[in-house]
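Below: the structure, in structure tokens.
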Amino acid sequence: MAPAKKSAKKAAKKAAPKKAAAKKAAPKKAAAKKAAPKKAVAKKAAPKKAAAKKAAPKKAAAKKRTPNAAFMKAMTPSAELGAVIGTKGLPRTEATKKLWEYIKKNGLQDSKNKRMINADDKLKAVFAGKKQVSMFEMTALVSKHLS
């Protein structure tokens, strides 16, 4: 029995280092395996970006922008606004363009704060009697004079 125990102990000792060696090798392989997929993922990400860049121009070329019919509808200006831009019916966008032409031609934009419009006698009637309005307020006031 003694020799059997000795051989069993020797076998256990031999098996233990093999298991330890196997355990040590396993983490190295796992680390190597983890590193390899990261590189593969990085390589896959680059072609996706290129594909996204190629897809963007196709969308822009596929559908052209059409103007909104509401913007093109002819509006009739009031008598006060008609004195500035004319009495002929025109779309809201054109009315705004003509109003800006009048403002620039007569130098009514404030020199220090370009967002403010100084009203002359004709514009004072459109701007509800105000001497100075902001360009954002101006569009709201002008819209009241279009029907």
Between Lys144 and Ala70, the two model label points (7 Å from Cα along the beta-carbon direction) sit apart by a distance in nm of 2.1
Accessible-area order (highest first, 1.4 angstrom probe) of the listed residues Arg92, Arg115, Arg65 = Arg65, Arg115, Arg92
For Lys114, what accessible area in Å² do you get when you roll a 1.4 Å probe over the heavy atoms of the protein chains, rounding to the nearest 10?
-> 120
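Send over a whole-number figure in Å² for the accessible area per residue of segment 58-114, probe 1.4 Å.
That works out to 78 Å² for each residue.
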Largest first, what is the accessible-area ranking of Ser147, Ser134 with a 1.4 Å probe?
-> Ser147, Ser134
Semi-axes of the equivalent ellipsoid for segment 68-147, Cα gyration tensor, largest first, Å | 21, 13, 11
What accessible surface, in Å², does a 1.4 Å probe find on Glu137, ignoring ligands, DNA and RNA and rounding to the nearest 10?
-> 60
Extension gain from Arg115 to Lys88, taking 0.36 nm per residue of separation minus the Cα-Cα distance | 6.9 nm
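If I stretch the segment between Lys105 and Ser134 completely, what's the gain in nm (0.36 nm per residue apart, minus their alpha carbon distance), one decimal?
My answer for the length gained is 8.7 nm.
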Compute, for Asp121, the solvent-accessible surface of its heavy atoms (probe 1.4 Å) with the complete set of protein chains present, and express it in square angstrom to the nearest 10.
-> 140
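The values are calculated or read from the model by the stated rules, or taken from the named source; none is laboratory data. What you see is a predicted model; the values in this text were computed from it and never measured. A quick note on method: Cβ atoms are made from the backbone with ideal geometry, for glycine too, and the neighbour counts reach across all protein chains shown. All accessible areas refer to the heavy atoms of the entire protein, side chains included, with ligands and DNA or RNA removed. Shrake-Rupley method; radii C 1.70, N 1.55, O 1.52, S 1.80 Å.
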